[in-house]
1. If we scan segment 376-396, do we find a residue that is without any contact (Cβ under 8 Å) to a residue 40 or more places away in the chain, in contact with a helix residue (DSSP H, G or I) (Cβ under 7 Å, 6 or more places away or on another chain) and of a type in the set (A, V, I, L, M, F, W, C)?
2. Looking at segment 145-167 only, could you name the residues that are among the hydrophobic types (A, V, I, L, M, F, W, C) and under 18 Å from Ile22 (Cβ atoms)?
3. Would you mind finding the one in Gly337, Gly365 that is within 19 Å of the chain's Cα centre (by Cα) and either farther than 30 Å from His248 by Cα or among the small types (Gly, Ala, Ser) (or both)?
4. Just checking, which of Tyr53, Tyr60 is in contact with a helix residue (DSSP H, G or I) (Cβ under 6 Å, 6 or more places away or on another chain), modelled with pLDDT of 75 or more and buried (at least 23 other Cβ atoms within 10 Å of the Cβ)?
5. For segment 205-229, name all the residues that are hydroxyl-bearing (Ser, Thr, Tyr), buried (at least 20 other Cβ atoms within 10 Å of the Cβ) and modelled with pLDDT under 75.
6. Right, Ala437: in a helix (DSSP H, G or I), within 21 Å of Ile271 (Cβ to Cβ), in contact with a Pro (Cβ under 9 Å, 6 or more places away or on another chain) and modelled with pLDDT of 80 or more or not?
7. Which residue out of Ser433, Ser374 is closer than 23 Å to Ile150 by Cα and crowded, with 22+ Cβ neighbours inside 10 Å?
8. Quick check: is even one residue across segment 396-412 modelled with pLDDT under 80, part of a helix (DSSP H, G or I), surrounded by 19 or more Cβ atoms within 10 Å (Cβ to Cβ) and within 13 Å of the chain's Cα centre (by Cα)?
Amino acid sequence: MTETDLPDGLLSRTRITFTLGIVSVMTLVGFEAWATATAMPAMALELKALGGYTWAFNAYIVASILAMVIAGLRCDERGPRGSLIGGVFALAAGSLVAGFAPNYLVLVSGRALQGVGAGAIIVAVYVLIARAYPESLRPKAFLLLSTAWIVPSLVGPVVAGWLTDNIGWRVVFWLVPFFVILPMLLMLPRMGAYQGGTPSTAVASRIGAGIVATIGLVAIQDGLARASLMGVVEAALGFVPLIIAGKHLVPKGALLMARGLPATIMMRGIIAAAFFSAEVFVPLALVETRGVSYTIAGLTIAVSAVFWAAGSFAQSRLSGDADRAPIVRLGALIVAGCLFSLPLVVLTELPVWIASISWAAGAFGMGLAMPSVSVQTMRLSPASDQGVNSAALQIVDSVLVVAVTALLGLFYAAAVAGQGATPTTYALLWVISAVMAVVGVILAPRMRPRSA
């Protein structure tokens with residue numbers, strides 16, 4: 001069912017309810033993400049796992065892959081309600097597992113369960129936006145996803161940093177389940193109007209591809225984390241099933257950056273990999289090289305959601321049917337500038353707050369680019385493929401973020417095993433991320449279909 005099938009009065013009330021619900025559920029996801037990023041250095045130090053630091057981030061992403069595939073299929077066939085319910089409770093359960101983890105392996109397992117929940121949630125939210133909002137309102141609907149991160153970005157790192165410094169990092173995870181109830185109460189009663197759809201004829205092949213892709217990502221992450229010749233071989237072999245599976249999980253031509261929808265979906269992963277792979281090391285770098293507290297390190301990245309929302313607001317002023325390639329290219333260019341400037345904070349005596357300014361600029365660029373990629377994807381997708389294409393966006397995002405973060409983790413682990421991570425180590429990591437953003441700048445024009 002689409003928005004045109006509902007009476008105007010019910011439609012208006014339903015959109016208001018979904019607006020509140022989307023903000024609530026993304027606030028839940030946002031708090032978990034910001035708080036965890038802030039507290040992660042303390043977790044790794046206490047559990048003696050600095051060498052495998054990136055596993056706690058990448059397990060979350062790797063586990064979300066199969067959840068996204070299944071959620072995309074389910075949303076196209078039955079609507080987004082079931083995926084949203086399952087996702088929220090998986091995220092809450094994973095938070096409890098991580099919070100009570102006696103060792104790093106259990107912590108990573110909890111993070112993986114959180115990833116399953118987050119993967120199902122985000123696909124369900126994208127499909128809900130596509131079905132409940134007309135094309136003219138979708139840029140503003142995707143703006144909601146950005147504004148929902150403002151409060152978590154300001155409160156999450158501060159609260160997580162204070163809790164980590166004064167009580168312990170486990171409390172950070174224990175808080176997450178308290179955010180579960182409100183989104184469920186708001187959205188579930190009205191989501192039944194958007195149930196139903198078209199069953200896919202490729203369920204088995206897509207789920208199989210999702211499993212294969214997950215195995216490939218695990219091999220890549222595990223291999224690069226080993227920081228050895230055999231580990232590199234393992235990681236290289238992991239790319240084989242990943243590429244094979246990718247042909248079934250993304251539109252035809254995506255791996256070759258074919259114009260239009262295929263290139264649009266790939267752009268999501270390129271830009272996300274650049275920004276989020278760098279973000280993993282921002283709090284850690286400031287704590288290790290500049291000696292700041294976890295609270296201050298969290299505040300450094302806390303400002304970014306406000307500027308991300310500002311960038312998202314700027315893109316929401318564009319027409320819903322406008323080509324988004326130019327605005328995505330501008331966003332990628334701003335992100336590249338942010339990442340190339342970050343090394344100055346660890347290589348020089350510049351004040352730490354310079355990192356906040358740089359990161360805020362990069363977040364503004366992400367606010368321009370990421371919602372625009374989503375709008376372009378929905379604009380170019382037939383209604384019957386909104387679920388699988390929403391899943392494809394998240395999958396490409398996850399795969400490239402994991403791959404690039406794992407690569408950075410290899411360099412970081414090697415540094416830790418040697419003389420220890422130095423300011424030059426972090427500078428190198430951020431430059432590699434910046435190169436990914438430059439790739440986005442170069443390839444963004446291919447988002448425009450040939451007929452445009």
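The values are calculated or read from the model by the stated rules, or taken from the named source; none is laboratory data. Computed from a predicted model, the values in this text were never measured in an experiment. Neighbour counts run over all protein chains shown; Cβ positions are idealised from the backbone, glycine included.
1. The first filter runs over segment 376-396 and keeps only residues without any contact (Cβ under 8 Å) to a residue 40 or more places away in the chain, leaving 382.
From the residues that got through so far, the ones that are in contact with a helix residue (DSSP H, G or I) (Cβ under 7 Å, 6 or more places away or on another chain) too are none.
No; the residues of segment 376-396 include none that is without any contact (Cβ under 8 Å) to a residue 40 or more places away in the chain, in contact with a helix residue (DSSP H, G or I) (Cβ under 7 Å, 6 or more places away or on another chain) and of a type in the set (A, V, I, L, M, F, W, C).
2. So in segment 145-167, the residues among the hydrophobic types (A, V, I, L, M, F, W, C) come out as 145, 148-151, 154-155, 158-160, 162-163, 167.
Answer for segment 145-167, where residues must be among the hydrophobic types (A, V, I, L, M, F, W, C) and under 18 Å from Ile22 (Cβ atoms): Leu145, Ala148, Trp149, Ile150, Val151.
3. On the way: Gly337 fails: within 19 Å of the chain's Cα centre (by Cα).
None of the other options fit; the residue is Gly365.
4. Numbers: Tyr53 fails: modelled with pLDDT of 75 or more.
Residue meeting the stated conditions: Tyr60.
5. We begin by selecting, within segment 205-229, every residue hydroxyl-bearing (Ser, Thr, Tyr); these are 205, 214, 228.
This time we only want the ones that are buried (at least 20 other Cβ atoms within 10 Å of the Cβ), so: 214.
Passing the criteria: none in range.
6. On the way: in a helix (DSSP H, G or I): yes; within 21 Å of Ile271 (Cβ to Cβ): yes; in contact with a Pro (Cβ under 9 Å, 6 or more places away or on another chain): no; modelled with pLDDT of 80 or more: yes.
No.
7. Only one candidate passes the filter, namely Ser374.
8. yes
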